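Here's the structure we're looking at; comments come further down.
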Amino acid sequence: MLAILEKAPDGYVARFDRSFRHSAEAVWSMLTENDKLSRWFSELETGELREGGFIRFNMPDGSFIKLDILEVKLCSVLEYTWGEDRVRFELYPESEGCRLVLTEKLQAITAHTPKDLAGWHVCLEVIRLLLDGEEIPSRKKEWEAWYEKYSRHVDTFLAEEGRQGN
């Protein structure tokens, strides 16, 4: 299922809603423990897991970008900066596992937005597969397929928004 796109007072919100057959604690560990985090997003590394702490985005040249942690609630909420935007993970325990809601608060929709959305989509699928003890054959191939879908999705959203604004 594609992310839901919405206009917000200060930009836009992309929302992914996923159910996992695993506990909130198990999913939380995938988001916060470096040995597990690196399996689904190799460039990310938890620095200081606390409000005011940071997550490192390691660049190919050996440098890194510091992503500021804005909110942390154990096994429940993790929110941090993502460039000019924000990424927020929320976990909700359910009888058969947990629900994960990922929101990306976007200041603007750019040409890069479909790339990020496709990336988050694939990341969430990889988390599910890893928790289920499986692997994805080709993340690149999977991302390319979702990138095409998100490019159309974003174009349709912007066209609809343009019609509503007139």
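Throughout, read-outs are computed from the coordinates displayed, never taken from laboratory work. All of these numbers come straight from a predicted model, not from anything done at the bench. When we count neighbours, we look across all protein chains shown, and the Cβ atoms used for this are built from the backbone with ideal geometry, even at glycine.
Compute the helix-to-body angle for 139-165: its Cα long axis versus the longest principal axis of the chain, expressed 0 to 90° and rounded to tens.
With both axes taken from Cα atoms, the answer is about 40 degrees.
Could you give me the radius of gyration and the Dmax of segment 110-166, taking only the C-alpha atoms into account and expressing both in angstrom?
14.2, 50
Assuming 0.36 nm per residue, please report the length gained on full extension of the stretch Glu161 to Asp68 beyond their Cα-Cα distance.
30.4 nm
Per residue, what volume in Å³ does the convex hull of the Cα atoms of segment 1-64 enclose?
Once divided by residue count, the hull of segment 1-64 is 162 Å³.
What are the aspartates and glutamates whose alpha-carbon lies under 16 Å from the alpha-carbon of Lys141, with same-chain residues fewer than 8 places away excluded?
Cα-Cα hits under 16 Å: Asp116, Glu125.
Report the local net charge at Arg18: Lys and Arg +1, Asp and Glu -1, summed over other residues whose C-beta lies under 15 Å from its C-beta.
-2
Roughly how many nanometres apart are two label points built 7 Å out from the Cα toward the Cβ at Val101 and Glu84?
Taking the simple label geometry, Val101 and Glu84 are separated by 2.6 nm.
Counting Lys +1, Arg +1, Asp -1, Glu -1, what net charge surrounds Leu131 among other residues with beta carbon under 12 Å of its beta carbon?
Residues near Leu131 contribute 0 overall.
Which residue, Gly133, Gly47, Gly83, has the most motion in a Gaussian network model of the chain that connects Cα atoms within less than 10 Å?
For the chain, modelled as a Gaussian network with Cα springs under 10 Å, the answer is Gly133.
Using only Cα atoms, what Kirkwood radius does segment 28-71 have, in angstroms?
10.5
Which longest run of the chain has no exposed loop site in it, a site being trypsin sites (Lys or Arg not before Pro) in a DSSP loop with at most 16 other beta carbons within 10 Å, and the site itself not part of the run?
51-166
So which of Lys66/Lys105; Lys73/Lys140; Lys73/Lys149 end up more than 29 Å apart, counting from Cα to Cα?
Table pairs above 29 Å Cα-Cα are Lys73/Lys140; Lys73/Lys149.
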